[in-house]
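Asks: Sharing a structure here in structure tokens format.
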Amino acid sequence: KTNREALRLYLESLAAYREHSTAPYQASMKLAREALALDPNYVDAWNMLSVVYSSLAGLGVLSDEQGYPQAIETARKALAIDPNSADAYAELAQVALTAEDDQQEAARYLQKALTLEPNNIYALGGASTLAKSLGRLDLAVRIQQQAVERDPLIANAFSELCLALFQSGRVDESIVQC
């Protein structure tokens, strides 16, 4: 669906993003933009940009006023190309929850994402975060366990599971998982 070079750049962008720190996020952004220069309709690259903008705003590298609107804009570009992009809805949910403190909007986006892809790792992570914000810690643990089972290679899923276990008072289980 996309050319090989755009795919390669996207995969490098994804690998950089998964390092979860500022310099790799910036590298991820650059690589995603290069992929989009080759294929402006590459939905995964638009979604990657959205996640990176949101992450950089969350770290304070970009201001909230700069990062979150760009995250929304790029997620909407992904949806304009593919209205069934669960990743884009999951990122819109993340922004609604993080930047706008709008749990209802986040829930609507997550419902859409999980309807499209019930095992989408990003939507599951977002649903777990939403459950924690609502004080539903046992539900957050169950959802995060599902995310870890779905993709055990994503380290962030494990750390979020450990945090959810700890926050729910299941300290011993948290220690075992971590």
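The values are calculated or read from the model by the stated rules, or taken from the named source; none is laboratory data. Bear in mind that the values here come from a model prediction, so they are computed numbers and not experimental data. Cβ sites come from the backbone with ideal geometry, for glycine too, and all protein chains shown count toward neighbours. Areas reflect the complete protein model, heavy atoms only, side chains present, ligands, DNA and RNA absent. Shrake-Rupley method; radii C 1.70, N 1.55, O 1.52, S 1.80 Å.
Asks: Answer yes or no as to whether Ala123 is open to solvent by 20 Å² or more (accessible area, probe 1.4 Å) and closer than 26 Å to Leu14 by Cα.
Replies: no
Asks: Please verify whether Ala96 is in contact with a Phe, Trp or Tyr (Cβ under 8 Å, 6 or more places away or on another chain), within 17 Å of Thr129 (Cβ to Cβ) and buried (at least 23 other Cβ atoms within 10 Å of the Cβ), treating the condition exactly as stated.
Replies: yes
Asks: On to the next question. For the stretch 27-41: of the residues being farther than 15 Å from Ala71 by Cα and hydrophobic (A, V, I, L, M, F, W, C), which is least open to solvent (accessible area, probe 1.4 Å)?
Replies: Looking at residues that are farther than 15 Å from Ala71 by Cα and hydrophobic (A, V, I, L, M, F, W, C), I get Ala35.
Each row is one residue, and each column tells you yes or no for (1) without any contact (Cβ under 8 Å) to a residue 40 or more places away in the chain; (2) more than 27 Å from Asn47 (Cα to Cα); (3) surrounded by fewer than 19 Cβ atoms within 10 Å (Cβ to Cβ).
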site: Tyr109; (1), (2), (3): yes, no, no
site: Thr115; (1), (2), (3): yes, no, yes
site: Ala131; (1), (2), (3): yes, no, no
site: Gly135; (1), (2), (3): yes, yes, yes
site: Glu149; (1), (2), (3): yes, no, yes
site: Ile154; (1), (2), (3): no, no, yes
site: Ala157; (1), (2), (3): yes, no, no
site: Ile175; (1), (2), (3): yes, yes, yes
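Asks: Restricting to the stretch 136-172, what's the tally of residues that are modelled with pLDDT under 85 and of a type in the set (Asp, Glu)?
Replies: 2
Asks: Given Ala86, Ala78, which one is among the small types (Gly, Ala, Ser) and either within 27 Å of Lys132 (Cα to Cα) or open to solvent by 20 Å² or more (accessible area, probe 1.4 Å) (or both)?
Replies: Unique residue meeting the criteria: Ala86.
Asks: Further, regarding this structure: Give the stretch 28-71 a look and list any residue that's over 24 Å from Asn3 (Cβ atoms), free of Cβ contacts under 8 Å to residues at least 40 places away in the same chain and polar (S, T, N, Q), or say none.
Replies: Correct list: Ser55, Ser63, Gln66, Gln70.
Asks: Can you name the residue in the stretch 160-173 that is under 25 Å from Glu19 (Cα atoms) and open to solvent by less than 60 Å² (accessible area, probe 1.4 Å) and, of all such residues, is nearest to the chain's Cα centre (by Cα)?
Replies: Among those that are under 25 Å from Glu19 (Cα atoms) and open to solvent by less than 60 Å² (accessible area, probe 1.4 Å), it is Glu160.
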